[in-house]
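The structure under discussion appears below in the form of structure tokens.
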Amino acid sequence: MYHQLSKVTGRLVSATHLQSPLFPVVPIALQRVEPPTIQYTTAHLSTVTEASACPAPGKRNLIPGTNQPYPPVPESIRKQQELFQKDNDLPVFLKGGPMDSLLYRVTMALCIVGLVGIAHTIYGHAVPKK
């Protein structure tokens, strides 16, 4: 059976006896391919030696897959980490101080204003004006 592209739709359609076939479409059998074998991380695939994979508590951690240590953490980031990890019964979005509290309250006020606006719009569409 012969097929050709339709000039109207641009799709492949079967050729009729009035149309000249452009090309035959022959089914080709799929080739069976063996699935690849799974390679688990072993010592010969990694560039990190087993001794440095779990360093002693005094040693610096290494970047995974390399023998290079992580760069030191800047002091400003270390202070922020200490501030946010304190156990002072505050939610994380308020631990930044008074500015976080102000931003939280402004956000909540805008959410309430938005909800009131949505309710007003729904009411306006549901109850027609007289």
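Quick notes on this one:
- Verdict on residue 72 being at pLDDT 90 or above and open to solvent by 100 Å² or more (accessible area, probe 1.4 Å): no
- Pair list, Cβ under 8 Å, 6 or more apart: segment 86-111 residue open to solvent by less than 90 Å² (accessible area, probe 1.4 Å), other residue outside any loop (DSSP other than H, G, I, E, B) and among the hydroxyl-bearing types (Ser, Thr, Tyr): 94/101; 94/104
The values are calculated or read from the model by the stated rules, or taken from the named source; none is laboratory data. Bear in mind that the values here come from a model prediction, so they are computed numbers and not experimental data. Note that we place each Cβ from the backbone using ideal geometry, even for glycine, and neighbour counts take in every protein chain shown. We work out accessible area using only protein heavy atoms, side chains counted, and drop any ligands, DNA or RNA first. Shrake-Rupley method; radii C 1.70, N 1.55, O 1.52, S 1.80 Å.
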